[in-house]
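Any read-out appearing in this document is the output of simple, stated calculations on the displayed coordinates, not a laboratory observation. Note that this is a predicted model, so its numbers are computed, not measured. Because the Cβ atoms are built from the backbone with ideal geometry, glycine has one as well, and the counts that use them run over all protein chains shown.
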Amino acid sequence: MDEPDRKGNPLLARFTRTSPAPFLTKTYSKYRSHVRADFEQCCAYCHRHEDWAGEEEVFEIDHFRPQDKFPHLISIYENLCWSCRACNGRKSKSHHWPTYGQLVEGSGFVDLCADDWEQHYEILPNGNLKGLTKQANYTIKMIRLNRETLVRLRRFSLAYNVSLDQEREISFPLPPLVNT
Ligand SMILES: [Zn+2]
């Protein structure tokens, strides 16, 4: 099947989870290869393909709704995301989860299984990520999506007209400090 035309349908979710879940398990780590495939080897938050973050080993399973606040969702497939370690480390801080009031106001983390990336973000010429929604601004702030490494990488991608959510061609070396 052809790839869906994302530009023609901005409401299409960026990632699609396998549904129903591939198998039932109480050990969420067993879903690793499936979650990785569903997220097309990209971080659910900074949107980097593994090739641009170093390798698969720097990626982890993230619990979209954090384990300490939602223990009943620890092994629920639909709650699992593929995330680089740097984003996961920031997002998993329990005080980073939005309050009830923030959720009511439409804030909270962007869920790219529900929304398309372009609904929420725009890359500025200087490499900074601009939030177009409350959720985007919340996500940028909490996960620090404008950290130096990512800004530098976005500038690199603009200069060479390459997409960070795609595999990296062997001819493009990794810029320094990508692993943060
Ligand atoms: Zn990331």
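Note on CYS113 and ILE74: the model spin-label points, each 7 Å out from Cα along the C-beta direction, lie 1.8 nm apart. The GluC sites (Glu not before Pro) of region 1-110 meeting both criteria, a DSSP state outside H, G, I, E and B (loop) and at most 12 other C-beta atoms within 10 angstrom of the site's C-beta, are GLU55, GLU105. In the chain, helices alone account for a calculated mean residue ellipticity at 222 nm of -7000 deg cm²/dmol, with every DSSP H run of four or more residues adding -39,500 (n - 2.57). Under 10 Å, Cα contacts only: if you run a Gaussian network model on the chain, which one of HIS47, HIS63, HIS96 comes out with the highest mean-square fluctuation? Largest GNM mean-square fluctuation: HIS96. Projected over every direction and averaged, the convex hull enclosing the alpha-carbon atoms of region 84-174 yields 6.5 nm². Taking 0.36 nm per residue of sequence separation and removing the Cα-Cα distance, the TYR160/SER94 pair yields an extension gain of 20.0 nm. With all pairs of different C-alpha atoms in the average, the Kirkwood value for the hydrodynamic radius of the chain is 16.9 Å.
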